Every structure is written in structure tokens, then in C-alpha cells.
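Heads up: the structure comes next, in C-alpha cells.
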Amino acid sequence: MAQRAFWKGYLKLSLVTCRVAMTPATSDREKVRFHTLNARTGNRLVSRYVDAVTGKPVDPEDEARGYPRGEDDHVLIGDDELDAVALESTHTIDVDAFVPADSIGWLWYDRPHYLLPDDAVGEEAFSVIREAMQSTGMVGVSRLVLYRRERAVMLEPRDQGIVLWTLRYGDEVRDASDYFAGLDEDRPDPELMKLVLRLIDERTRPWDPDMVHDPVQERLLDLIETRRKGRKRPTRTPEPAEEPASNVVSIMDALRRSIASESASRRKSRK
């Protein structure tokens, strides 16, 4: 069932404006969550801020934001000062630039949201903007206040709607060359490449969301249901994980054995 929109505002391109609604494209609401309790009383615990020096609780009206400039030395910033440097409009997605869709690497993608027209009047303008981006292979770039923070966002046409991605900032993405620059640049042995490509072919499957199901979640739900019925689930001591063999002398031999194993498994599954 479609979730109710958590944000409503306007999509603006130059003089073209339409009302839009947005909802997160992902959710963790189904994840098992636990409350922290007092094991003696069964009562829930609550957290409070305490003064690091006096150890006494601090009232909410005495809490303040501070930027550290040295040990035990902070620059205090008031809420009104933070509001002054924020975007003037928190309810308008003003698309001020377009870039080729493949020019923004996936490392920059943060959180996806579904964006759709919020009334029949704006549906035509929304559709024109979406189709124009689709036909040119472009995505829109804008800024927006979401989750109490100003964020760069990317608008990507998808089916009959638009996916709005929040983007990570430049100082949040590490330069890959700092990590990969020292790796061997020589081309691998063609024979090894041939075997790995065959192994990839053996393991190629159509995408299925079940490939990323959460087995721990399933076991937790099973445990909770067992305890709810008053039964104790037998404890199981996990078996130690096997260490990968470190005495493989020949990569070629390892690949050949892998392919033989894959082929045998596939033949067995077809019977």
C-alpha cells in the first residue's frame, strides 16, 4: 500500500511550476526493534542529557549547540543563527541545472524518494519535465531542506514519476584514487579471464528481490513468536567459520575446480 506523502511543495523549472508530493522510496519500518528495559522491573529506560562535569541532568531550555575549536572550548551557535543561513524556501524544488544522467557516480547517491504530481492541474507540467529529462538522458540538480538539513538533490525520471535522490556532499565522498592508485595496472592473464568469465556466466541469474532478504530478521521474528507463546527456543552454539584455504598455489586450478563444481550443481538442480 502506498505511503502517505511526508513532504509537499512545488517543482519549479524557470517559469513552469507544479505542485508535487514526495515520500521515501525505502523503509525500515518492518525491521525488528527492541526497547531498552530495566531487567528487574520490566520498565522502559529513558535517556537524558547530563552535564559531563557535574553529572547533573540538563533541562531542554539550557541545551545549546557548540562547534568545538579546542579542548573544552566551543563556539556557541543559536537556533536563530542557524535559521539565517538555511535556504529561504524549504518547499520549492527549483531545478537550476541539468547534467548527463551517467555523470553522477552512484557513490554520490544517498536516499531515494518518489516524487509525483500533487494535483491534476500540475500533472501536465510534471509530465513534460519528466519526459524532457528522459528523452535527453539528463537529470536535474537542485537544493532542498530535508530532514532538518539543506541537501543537494538529483531528480531522475523513472516510469511515470521522478525519483529524487539526496546527494552526499563533496567532503563526504572519499577520492577512490587515494585507495586504488597503488594497485597493479597490468592486464590479467587472458586464460584466467576466460575462466572467470565462464564462472560469472555460470552464476548469472535474473534479479530477484529475494536475493537481498534478511535472514537475521526472519530468525528474530521466529524467536519473538516462540517467546510470545511462552516457549524457550533451544540455544545454538554457532559453528566457527571456516577460514578460506590459504595454500592454493595455482589460481588456474582453483578456477577450474570452481567451474566444475558450478556445472555439477547446475546439472543436479535440473534433474
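One table, with the values for the structure above:
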item: For the range 138-222, the spread of Cα positions along each principal axis, largest first, Å; result: 52, 45, 32
item: Surrounding net charge for residue 58, when Lys and Arg each add one and Asp and Glu each subtract one, Cβ distance under 10 Å; result: -3
item: Distance histogram in 5 Å bins (all Cα pairs of the chain, percent per bin); result: 1, 4, 6, 8, 9, 9, 11, 11, 12, 11, 9, 6, 3, 1, 0
item: Options 254, 264, 14, ranked by Cα towards positive dipole end of the chain, top entry (Cβ charges); result: 264
item: Rel. contact order, % - alpha carbon contacts under 8 angstrom, at least six apart, the chain; result: 16
item: Which of 54, 226 is most accessible, then next, and so on - probe 1.4 Å; result: 54, 226
item: Radius of gyration and Dmax over the Cα atoms of the range 1-127, both given in Å; result: 22.3, 64
item: Estimated 222 nm signal from helices in the chain, with DSSP H stretches of n ≥ 4 weighted -39500 (n - 2.57), rounded to 500; result: -8500 deg cm²/dmol
item: Potential extension, residue 134-residue 189 segment - 0.36 nm per residue separation minus Cα distance; result: 15.7 nm
item: For the chain, size of Cβ-based charge dipole, Lys and Arg +1, Asp and Glu -1, in debye; result: 2300
item: Accessible area expressed per residue, the range 5-120, with surrounding protein chains retained (probe 1.4 Å, Å²); result: 81
item: FRET efficiency, residue 256 to residue 204 (Cβ-Cβ, R0 25 Å, nearest 0.05); result: 0.85
item: Principal axes of the range 19-83: Cα extent on each, largest first, Å; result: 53, 42, 22
item: Solvent-accessible area, 1.4 Å probe, carbon plus sulfur percent, for the chain; result: 53
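The values are calculated or read from the model by the stated rules, or taken from the named source; none is laboratory data. Not measured: the values here are computed from a predicted model. Here Cβ is always computed from backbone atoms with ideal geometry, including for glycine, and neighbour counts include all displayed protein chains. These accessible areas exclude ligands, DNA and RNA; they are computed on the full protein's heavy atoms, side chains included. Shrake-Rupley method; radii C 1.70, N 1.55, O 1.52, S 1.80 Å.
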